[in-house]
């Protein structure tokens, strides 16, 4: 694996570690985004407050105390510090909207990476859904044929056992007589 690919994987993993599921949505917290953008959380939130029209409820919301406490308990290794206000939670669309109010090169680059990770998550979820649908369909088709399936598994086990214990073979070549 090339060094660049490894760096990309590490960056993606860092982003994945900061995506949480709250209210049935995948979100990122303001303080995690601020750290990634290399700005103070206070400054990020100031920009958001100045541009609240860009952040409807499906783009951004404030966590409840219970939700925030639950996230803190899930991240025992994280240092959450002493916040005075509850954090903003940004959905994928909210993260995308942040790029319109944060104009630094770092913010733009980080936003692109975050959006790519969200896209991969969505693709992964769709793939899993397809597999589950196919399994469900197969299960319906198989009902009533359980004896056939048992026989298939018996044959497969027998084949695997034969591979474990290969039969002795005659040697090929010239035999030396005494």
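The values are calculated or read from the model by the stated rules, or taken from the named source; none is laboratory data. Nothing here was measured: the structure is a model prediction, and the numbers come from that model. With ideal geometry, Cβ positions are generated from the backbone for all residues, glycine too; neighbour counts draw on all protein chains shown.
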Study note, to complete from the structure: Apart from one, (1) closer than 22 Å to residue 101 by Cβ; (2) modelled with pLDDT under 90; (3) in a helix (DSSP H, G or I) all hold for residue 34; the odd one out is (2)
Practice item. Would you kindly identify the helices (runs of 4 or more DSSP H) lying entirely within the stretch 40-137 that contain at least 1 residues that are surrounded by 10 or more Cβ atoms within 10 Å (Cβ to Cβ) and at pLDDT 90 or above? Key: 41-50, 92-101
Study note, to complete from the structure: Within the stretch 93-111, the residues that are touching a residue at least 12 places away in the same chain (Cβ under 8 Å) and out of contact with any helix residue (DSSP H, G or I) (no Cβ under 8 Å at 6 or more places or on another chain) are 93, 94
